[in-house]
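Colleague: Before I ask anything, let me first share the structure, which is written out below as structure tokens.
The values are calculated or read from the model by the stated rules, or taken from the named source; none is laboratory data. None of these values were measured; they are calculated from a predicted model. So basically every Cβ, Gly included, is an ideal-geometry build from the backbone, and we count neighbours across all protein chains shown. Accessible surface is based on the protein model in full, side chains and every heavy atom, while ligands, DNA and RNA are left aside. Shrake-Rupley method; radii C 1.70, N 1.55, O 1.52, S 1.80 Å.
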Amino acid sequence: MNETTRDDVQQAAGRASLDPQDWSAFRALAHRMLDDTIDSIANVRERAVWRPIPDRVRAQFHADVPRDAADLGEVYREFASAIAPYATGNVHPGFMGWVHGGGTAVGMLAEMLAAGLNANLGGRDHMPIEVERQVVEWMRRLYGFPQTASGIFVTGTSMANLMAIVVARTAALGALARQHGIGHDGALLTAYTSKAAHGCISRAMDIAGFGTDALRKIDVDADHRIDVAALRAQIAIDREIGFRPFLVVASAGTVDIGALDDLTELAALCREENIWFHVDGAFGALAIMSPALAPRLAGIELADSIALDFHKWGQVPYDAGFLMVRDGERHREAFAQPAAYLRREARGLAAGAVWPCDLGPDLSRGFRALKTWFTLKTFGTDRLGAAIARTCELARYLEARIAAEPRLELLAPVNLNIVCFRYRAADADAINREIVADVQESGIAAPSSTTIDGRFAIRAAIVNHRTDVADIDALVAAVLDFGARRSGDGLIETEAPPLAAQ
Ligand SMILES: *Cc1c(COP(=O)(O)O)cnc(C)c1O
């Protein structure tokens, strides 16, 4: 009675597939989505950089579980009206907050193509994996790493830094530590980075089981670069009292002001001390593509590992983090795992070791490599490097505007593409905090903020290839305008900001 016949299943099958019933209607709608998306990138300047999310829009997203099917056109309308207008704004040339990449239309298309293939890059023998290996090879060549180096795409540099710490740990303690845990020996391992390093290094030490106390944060010089003499001294002290220094994390582009540690000197120190030398090059490392900037990265070719993001200066859409390890064997030693269902074969689909799942914690992985491959091939590293160099030129232009404007002051040296400044006022910290929010809410520009030597700073990180002189002028004008209003007699026009109201 309960026997399933071929006919029963055959009849049910038509209802199970999630493919469109009407492909031509689907195609028409798909083309509209593509056209709208291209329009929104092409006409990005006509919109506000960012706008606050209205309460009614936010409330829409506390709906019940959608048990019943809905019309795709309806769902798309909801996307177009409630999601797209309230995105971060980093596609916009006026976006200068944090370190956000602008993406490109080419990268958007590649994401669509990758989704169409729906490839799983955990392993097995298929061309998408060769695309990832091709990008790894390009990176090896760019950074002068040996043939034996390995690389892998990950979500972002936070993950890449964490993985580098795990590789360095396994290199220091041996592969048995994967079985026994870090134990007593591991509790003695100490790592080093500068006080200006990204917070994810500290978090990675925590997640990797060392605890944040095992990370020594070394002082920086006036240019926010790690004080190598102080680092050397701290390593000596730690050895003296029985610790085992195992890792130095250098910053190639600090997140606050874009400072570059002296990589050559750090590489020499690490070699002398037999310490793993990792470079956090989240955004800065890709400056290697600019002949003018590449010399600033001298020494990066000596690193044991490099973490970087293609989704920042590389202009690849989110997310596209990357880790490269000089000694691929060490990399595999830290993550490879035998499992019967992941057995590798000499031929067939299960061939083609080393698989990416041997190089990181993820098994199922998307095709991040494709949008990066498309971006690198379509534009070429020269043009991408020129876009990077251009953002640094714009930063120097902003620096010059600040220098020429008595109401503004520069708070940190401009190393690359990041400018920290503020409006001069009596209660400067409070007023500049308001100015940042005012400028963001105006829709004119989106700077972020930081604290430099205890002083609140407006921070403009110019990362987007679309940003131009006019966007810098608009930022300066907006800061001066809101600054004057905030430091004036307290009469502040907060309603109907110029662009966000449209
Ligand atoms: C952005 C950044 C990170 C974190 O990278 P994610 O891709 O956001 O995880 C780490 N270090 C530096 C210097 C960064 O700029």
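Colleague: Under 5 Å between amide H atoms, partner at least 5 residues away or on a different chain: which partners does residue 351 have, H built in plane at 1.01 Å?
Modeller: HN-HN under 5 Å from residue 351: 125, 345.
Colleague: Pull up all non-local amide H partners of residue 216: gap of 5 or more, or a different chain, and H-to-H distance under 5 Å with H placed in the peptide plane.
Modeller: For residue 216, whose amide H was placed from the backbone, the distant partners under 5 Å are 191, 192, 193.
Colleague: For the chain, what are the DSSP H helices with axial Cα length of 24 Å or more and mean Kyte-Doolittle hydropathy of at least -0.5? If you can, show how the numbers build up before the last one.
Modeller: On the way: long enough: 23-42 (28 Å, 0.13); 368-403 (43 Å, 0.04); 469-487 (27 Å, 0.83).
Both cut-offs are met by 23-42, 368-403, 469-487.
Colleague: Still on this structure, I have one more. Could you give me the ³J(HN,Hα) list for the stretch 299-308, computed from phi with Karplus coefficients 6.51, -1.76, 1.60 and θ = phi - 60°, whole Hz, x at Gly and Pro?
Modeller: x, 5, 5, 9, 5, 7, 7, 10, 10, 8
Colleague: While we're looking at this one, here's another question. Counting Lys and Arg as +1 and Asp and Glu as -1, what is the net charge of the other residues whose Cβ lies under 13 Å from the Cβ of residue 43?
Modeller: Working: positive: 45, 47, 466; negative: 35, 36, 39, 46.
Residues near residue 43 contribute -1 overall.
Colleague: A further question on this structure: Can you give the longest run of the chain that contains no GluC sites (Glu not before Pro) sitting in a DSSP loop with at most 10 other Cβ atoms inside 10 Å? Don't skip to the answer; put the middle values down first.
Modeller: Details: sites that count: 3, 493, 495.
Answer - 4-492.
Colleague: Between the stretch 261-277 and the stretch 282-298, how far is it from one alpha carbon centroid to the other, in angstrom?
Modeller: Cα centroid to Cα centroid, the span is 19 Å.
Colleague: In the stretch 120-366, if the dipole is taken from +1 on Lys/Arg beta carbons and -1 on Asp/Glu beta carbons about the Cα centre, which of 270, 366, 306 is farthest to the positive end?
Modeller: 366
Colleague: Could you give the longest part of the chain that holds none of the trypsin sites (Lys or Arg not before Pro) found in DSSP loops with at most 11 neighbouring Cβ atoms within 10 Å?
Modeller: On the way: sites that count: 67, 343, 347.
Longest run free of exposed loop sites: 68-342.
Colleague: Then there is this: With both partners inside the chain, how many of the DSSP beta bridges are antiparallel, as a percent to the nearest 5? Walk me through the intermediate numbers first.
Modeller: On the way: 24 of 42 bridges.
Rounded to the nearest five, the antiparallel share is 55 percent.
Colleague: Tell me, what is the per residue accessible area of the chain in Å², probe radius 1.4 Å?
Modeller: On the way: 24270 Å² over 502 residues.
Per-residue accessible area for the chain comes out at 48 Å².
Colleague: Here is a follow-up. Which shape class, rounded, prolate or oblate, goes with the chain when its Cα gyration tensor gives a ≥ b ≥ c as root eigenvalues, a/c under 1.5 marks rounded, and past that a/b bigger than b/c marks prolate?
Modeller: Working: a/c = 1.88, a/b = 1.04, b/c = 1.80.
Oblate, since a/c reaches 1.5 and b/c is not below a/b.
Colleague: Based on DSSP H runs of at least 4 residues, each adding -39500 (n - 2.57), what is the mean residue ellipticity at 222 nm of the chain after dividing by all its residues, to the nearest 500 deg cm²/dmol?
Modeller: -13000 deg cm²/dmol
Colleague: Can you list residues whose amide H is under 5 Å from residue 101's amide H, if they're 5+ apart or on another chain and H is modeled 1.01 Å from N?
Modeller: none
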